[in-house]
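To keep things clear, I will list the structure first and then write my remarks on it.
The values are calculated or read from the model by the stated rules, or taken from the named source; none is laboratory data. Owing to the predicted nature of the structure, the values given are computational and were not obtained by experimental measurement. With ideal geometry, Cβ positions are generated from the backbone for all residues, glycine too; neighbour counts draw on all protein chains shown.
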Amino acid sequence: FSWHTCLLGVASCLLMMFLISPGAAGGSLLLMGLLSALLTARGGPSSWGYVSQALLFHQVRKYLLRLDVRKDHVKFWRPQLLLLVGNPRGALPLLRLANQLKKGGLYVLGHVTLGDLDCLPSDPVQPQYGAWLSLVDRAQVKAFVDLTLSPSVRQGAQHLLRISGLGGMKPNTLVLGFYDDAAPQDHFLTDPAFSEAADGTLEGGSPALSTLFPPPRAPGSPRALSPQDYVATVADALKMNKNVVLARAC
C-alpha cells in the first residue's frame, strides 16, 4: 500500500465511471464540487477540529526543518522584526508600519507583562493571547504574538529576543517606539477597524478590543520602562547582534 497504488485506484474508478456513463459521472463530480465549495464557504465552526490545521502543521514543520540557519547569506537577507508593544491602543500606526517594513519576512509582536510567577496563583499571560490574536486579525497585520512574564521590561525583552521564532525563522531586528514625553493617543477611538457598536461590540459581534486592553497611560503617570532601561534594552539587542529600529512619530 502506498500513495502510488491509491492514485492508481482513484484513476481507475474515474475511468470506469466515464466509460459506464459519461453524463452521470460528470454530473456527480460537478455536484460534489459544488457541495464541497458550499460547505467550505458557509459551514459553521467545527466541534471536532479541523483536518486542515493538522495538515498545515505537518507541512510547516517539514519545511522549517529544511530552513538551515547555517546557510544564511547576505543576498537573501530580509528584515525579521520583533516589535515590543506596551499598550496596542497607543501603537496602532507603529504596528502597521512594521507590517509594511517586514515585506515577506518574520513579524512578531512582543509584550512584557510585569510580575513574578512565584508570587502569583496562575500564569497571567496565557489568558491574554486571545486578545492579542484578535488585535492582529482586526488590524490586518501578518504577525505572530509572543508574550512573556518578567520582573522588568528589560529582562522580558531579553527573553523575547532569545526565544521568539522557531528554527531558521527568528527575529534579527528589534523595533521600539521612540522614548519621549508625549502623551500616548488612543487610536482605538479613531481607527475605523476598531469602531464599536452601541452595545460595546465590534461590527462582527465580537467583544470590543477596548475592553480587553487598558486605556493608554495618562500624562504624568509613571512609566513601566525607565530611560535607563530603555537605553539598556537597545544595548542588549546590539550585544545579541540584532539590528535596532527606533520609530518616532508613530
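Could you tell me whether residue 188 is of a type in the set (Phe, Trp, Tyr) and in contact with a strand residue (DSSP E or B) (Cβ under 7 Å, 6 or more places away or on another chain)? Here the answer is no, as residue 188 does not meet what is asked. One residue stands out among those in the stretch 29-75 that are modelled with pLDDT of 85 or more and among the small types (Gly, Ala, Ser): the one that is farthest from residue 168 (Cα to Cα), which is 33. For first residues located in the stretch 163-185 and on the phi > 0 side of the Ramachandran plot, partners that are not polar (S, T, N, Q) and lie 6+ apart or on another chain with Cβ distances below 6 Å form the pairs 165/171; 167/64; 167/67. Scanning the stretch 5-35 for residues that are surrounded by fewer than 11 Cβ atoms within 10 Å (Cβ to Cβ) and either hydroxyl-bearing (Ser, Thr, Tyr) or in contact with a strand residue (DSSP E or B) (Cβ under 8 Å, 6 or more places away or on another chain) (or both) returns 5, 12. Per the listing 106, 64, the residue uniquely over 16 Å from residue 177 (Cα atoms), outside the structural domain of residue 138 (by TED's automatic domain parsing) and either of a type in the set (Lys, Arg) or touching a residue at least 40 places away in the same chain (Cβ under 8 Å) (or both) is 64.
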